[in-house]
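For reference, the structure is listed below as structure tokens.
The values are calculated or read from the model by the stated rules, or taken from the named source; none is laboratory data. Since the structure is predicted, the reported quantities are computational estimates derived from the model, not experimental observations. Ideal geometry is used to build each Cβ from the backbone, glycine not excepted, and the neighbour counts take in all protein chains shown.
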Amino acid sequence: MSKQKILYICGSMNQTTQMHKISQELPEFEAYFTPYYAEGYGYIKVVTNAGLLDMTILGGQAKERTLKYLRKHNLKLDLYGKEHDYDLVFTCSDLLIPKNIRDKKIIMVQEGMTDPENFIYYLVKYLKLPRWIASTSVTGLSYAYDKFCVASEGYRELFIKKGVPPETIEVTGIPNFDNCKQFLNNDFPYKGFVLVATSDMRETYKYENRKKFIRKALKIADGRQLIFKLHPNENFDKRAKEIEKYAPGSLVFQKEPIEPMIANCDALVTRYSSVVYVAIALGKEVYSDFDTEELKRLMPIQNGGKSAFNIAHVARRLIAETDTVKVYPITKPLLKNIPLKERFKIRRKLARIKH
């Protein structure tokens with residue numbers, strides 16, 4: 001009898017490595033991997049093929065890094081999930097739900113921090129605009145998954161407040177952020193500095209006053225060594241020259257892992273980045289665009305690296321479940337009274353049973 005199959009939809013390196021860790025806890029299933037894709041979204045595919053979304057996980061460096069990682073670790077590729085009929089799909093995001101997985105059992109895994117609820121968030125939520133416009137602030141609002149594995153009780157409360165069905169949420173912790181003390185043992189050569197983690201806001205067509213941000217970091221450093229860790233999507237030469245202009249003598253890194261740098265720093269300065277959770281877990285000073293007390297409330301649980309194991313348990317339970325559908329009268333007026341989330345769930349389960 002052949003093994004049941006699971007598809008892991010990857011994205012950024014953080015998302016990709018999390019998916020790999022989860023797959024290692026499910027050895028009894030046949031695992032296949034793919035970079036993030038937009039099957040069923042014709043207009044998205046057009047702009048992606050034109051290279052206009054190369055700064056996102058749909059293309060460019062992010063996609064290349066994912067493929068390089070998957071090949072390096074000899075993981076089975078199924079680009080766009082077209083080769084097999086899957087018993088379960090893991091996805092790193094629900095901003096786009098590919099058409100060919102919509103009738104599958106789906107588990108979404110929280111990547112890390114979500115964007116703040118700004119004007120665009122409310123515009124997308126209440127005018128039913130495409131979710132990708134609001135980025136990760138609308139994480140969970142597709143209702144297109146069976147289970148949503150989240151980082152902490154704080155995040156569970158946040159997602160429920162946004163409208164995520166409570167019964168879908170599993171507080172498992174998330175790989176890469178559940179054992180931060182491991183980063184204290186490292187060989188990064190510098191200590192006692194202020195670390196600045198930059199963003200790719202400008203590369204993703206958002207406004208950022210980098211000069212102001214650098215000057216803020218200089219003020220916080222107050223004479224201490226500044227070290228900048230550039231976002232992978234940034235142009236190293238261009239951004240390094242910019243930093244040298246406004247903060248001469250600063251050290252600039254990009255390809256090196258940031259966690260050892262956080263472990264050795266005195267303080268972390270950033271804007272919107274999940275790496276603040278590593279800093280908070282290790283007791284560092286944190287300066288970001290978020291309220292620090294709120295970040296502490298949302299902090300991913302530290303379970304010694306057991307999150308992937310916990311998520312695997314959710315997967316086994318979901319695969320073993322038999323689909324059942326709540327019966328509603330099919331007349332049009334009564335159908336309107338069924339909540340949208342429930343209607344979506346019914347359509348998906350009916351499709352699976354038919355399939």
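General observations
- Counted residues, segment 237-259 - those being surrounded by 15 or more Cβ atoms within 10 Å (Cβ to Cβ), in contact with a Lys or Arg (Cβ under 9 Å, 6 or more places away or on another chain) and without any contact (Cβ under 8 Å) to a residue 40 or more places away in the chain: 7
- If you go through segment 20-55 and pick out every residue that is closer than 17 Å to Ser135 by Cα, touching a helix residue (DSSP H, G or I) at 6+ places or on another chain (Cβ under 8 Å) and β-branched (Val, Ile, Thr), you end up with 1.
- Scanning segment 260-275 for residues that are crowded, with 19+ Cβ neighbours inside 10 Å and part of a helix (DSSP H, G or I) yields Met261, Ile262, Ala263, Asn264.
- Segment 3-46, subset assigned to a loop (DSSP other than H, G, I, E, B) and of a type in the set (D, E, K, R), residue nearest to Asn310 (Cα to Cα): Glu25
- Look at segment 145-170: where a residue is outside the structural domain of Asn310 (by TED's automatic domain parsing), no partner that is modelled with pLDDT under 95 sits 6+ places away or on another chain with Cβ atoms under 9 Å.
- Matching residues, segment 68-124, being polar (S, T, N, Q) and part of a strand (DSSP E or B): Thr91
- Unmet criterion (only one of (1) in contact with a Leu (Cβ under 9 Å, 6 or more places away or on another chain); (2) closer than 18 Å to Ala267 by Cβ) for Gly223: (1)
- Test: residue in segment 220-234 that is part of a helix (DSSP H, G or I) and within 18 Å of Thr56 (Cβ to Cβ): no
- Each residue in segment 1-52 was checked for being within 15 Å of Ile174 (Cα to Cα), surrounded by fewer than 19 Cβ atoms within 10 Å (Cβ to Cβ) and hydroxyl-bearing (Ser, Thr, Tyr), and 1 pass.
- Lone qualifier among Thr56, Thr66 - being within 30 Å of Ser199 (Cβ to Cβ), of a type in the set (Ser, Thr, Tyr), at pLDDT below 80 and in the same structural domain as Tyr145 (by TED's automatic domain parsing): Thr56
- Among the residues of segment 175-208, those identified as in contact with a Leu (Cβ under 9 Å, 6 or more places away or on another chain) and not in a loop (DSSP other than H, G, I, E, B) are Cys180, Lys181, Phe183, Leu184, Val194, Leu195, Val196, Ala197.
- For segment 276-313, the set of residues classified as of a type in the set (S, T, N, Q) and crowded, with 17+ Cβ neighbours inside 10 Å consists of Ser288, Gln302, Ser307, Asn310, listed by residue number.
- Checking each residue of segment 52-65 against the condition of being in a loop (DSSP other than H, G, I, E, B) and over 20 Å from the mean Cα position of the chain (by Cα) gives at least one match.
- Being in contact with a helix residue (DSSP H, G or I) (Cβ under 8 Å, 6 or more places away or on another chain) and surrounded by fewer than 17 Cβ atoms within 10 Å (Cβ to Cβ) holds for only one residue in Leu77, Leu88, Leu70, Leu58, and it is Leu77.
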